[in-house]
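Below is one structure; the comments refer to it alone.
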Amino acid sequence: MARRAKHEAELSKIKKEIRDAESNHQEQILEMEKSLLDTRIRLQKESDEKIRIMEAAAEEKAAKYLADHSSTLEKENRLLEIELEKMSIKVKRLLERKDQLTNENSELEREQRLKQDLVTIRLKNISNAEEKERRERYKRSCRIAEERQRKMSDLIERKGLGLATKSKMNHVDFKTADAHGWIDLESEDDD
């Protein structure tokens, strides 16, 4: 029995040691978990701080970039507005010049038509005058020829050349008649 009691006492002692070891182990685990949690919290805080710093730096950088970009865009817009204003003025001047040239061209075309019409009228008048002059010369030459023929007929009758000669009068050469003194051509031309 004593042996049994000794074994039980040993067993109790071992159980107590196991319980103490388990208790120590549990405490160590709790201590490690607490340490791990503290480390996690610390790392989370550090990470959060780094993220906050990085976000602040990124926001600052983005704000600076946006400010720079906005400033650049404003300058470009001002330059574009100035250029647009210049182009607008230039286009307006060109349109005015186009209108002026169109008006000048229309005026020149009108003047050209008028000149062409005047030339056509003058040419027609000259042509009509030449035609009239030709007709007048022809009528004059016909009158002169008729007058010569009449004078020749009168001369022949006065000279007594007879009807036979008179009938041939249409074929008499006026220069020959003049050479014979039958007619004075100089005085006839004055008529």
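The values are calculated or read from the model by the stated rules, or taken from the named source; none is laboratory data. For clarity, every value in this text was computed on a predicted model and none was experimentally measured. Ligands, DNA and RNA are stripped out before the accessible areas are found, and what is left, the full protein with its side chains, is counted by its heavy atoms. Shrake-Rupley method; radii C 1.70, N 1.55, O 1.52, S 1.80 Å.
Worth pointing out:
- Lys115 vs. criteria open to solvent by 90 Å² or more (accessible area, probe 1.4 Å) and of a type in the set (Lys, Arg): yes
- The residue list Glu31, Glu81, Glu55, Glu60 contains one member that is under 29 Å from the mean Cα position of the chain (by Cα), assigned to a helix (DSSP H, G or I) and among the acidic types (Asp, Glu), which is Glu81.
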